[in-house]
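Quick note: the coordinates plus some simple rules give every number you see, no bench work behind them. If you're wondering where the values come from, they're calculated on a predicted model, not measured in any experiment. Note that we place each Cβ from the backbone using ideal geometry, even for glycine, and neighbour counts take in every protein chain shown.
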Amino acid sequence: MRAPLNKYKYILAFVITVLLFGIIFYINNALEDQRISSVKKIQDQLSLDILSSETQFDLLKDASCKNVDGSILSQEINSLAAKLSYLEANDQNGADTEVAYLKKYYSLLQIKDFLLMKQLGDKCKSKPIAVLYFYGKKADCPDCEKMGYVLTYLRENYPQLRIYSFDANLDLSAIKTLKSVYKIDEHKLPAVVYNETVSVGFRTIDEMKVIIPALKKFDAEQAAAAKSASGTKAN
């Protein structure tokens, strides 16, 4: 007499298991759809921002030196970098061809900005403070992530500093040319280029300030300004 009861128990267990799998599958699909929607919005915005930045390039080429504010494009580049970082984080395996396309487009945009700043520097008798940063995949370059944090800190605290980040493994002829010009070895990363000098390996914030002496100058100017403001308040 117990056989039918056991049979119903197995059937009930099977039904519950199927329901649980169904619920989990539905939730996963819903989360994936939400992620895809979020990524698509960022991709659309990123494409628009890139077009906006390219238009700024054309405007700045003909601008007079007194009307050129390098921080404008720098803000655009930083905004694009943050959005692209989000897309890369959601595409760790590099399977999204759209992300790869935008990454290449963004890399070209950075190179155009770098060349434009050099042209404006020659035209306006100034020297932009620019750093080229080459990184690799996390699995192949564990120090690249830490180096990224250091450069993000410097970019946020020194608006005068322009940082251009490039995936050294990206299949793009322009990046290959940059690597060739500065003798970047994709097996020796991270690599930082400043003033035609290449520094390989992780560098702390203080070490970066040694590599880029202008940052120490900015620190001294800020300290002097803070001291002067403090003295004025005291009087």
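Applying 1/(1 + (r/R0)^6) with R0 = 30 Å to the Cβ-Cβ distance of ASP58 and GLN160, what FRET efficiency is obtained, to the nearest 0.05? Before the final figure, lay out the partial values.
Numbers: r = 24 Å, r/R0 = 0.79.
The formula returns an efficiency of 0.80 here.
Are any of the pairs LYS123/LYS227; LYS127/LYS227; LYS188/LYS227; LYS104/LYS217 more than 32 Å apart by Cα-Cα distance, and if so, which? Before the final figure, lay out the partial values.
On the way: LYS123/LYS227 35 Å; LYS127/LYS227 28 Å; LYS188/LYS227 43 Å; LYS104/LYS217 34 Å.
Checking Cα-Cα distances, LYS123/LYS227; LYS188/LYS227; LYS104/LYS217 exceed 32 Å.
Could you tell me, in Å, what Rg and Dmax come out for the Cα atoms of region 128-235?
Over region 128-235's Cα set, Rg and Dmax evaluate to 16.8, 61 Å.
Between ASP143 and ILE27, take the C-beta separation as r, use R0 = 25 Å, and let me know the FRET efficiency to the nearest 0.05.
Values: r = 37 Å, r/R0 = 1.48.
Using R0 = 25 Å, I get an efficiency of 0.10.
Once both labels are modelled 7 Å past Cα along the beta-carbon direction, what's the LEU115-TYR10 spacing in nm?
Result for the modelled spin labels: 7.2 nm.
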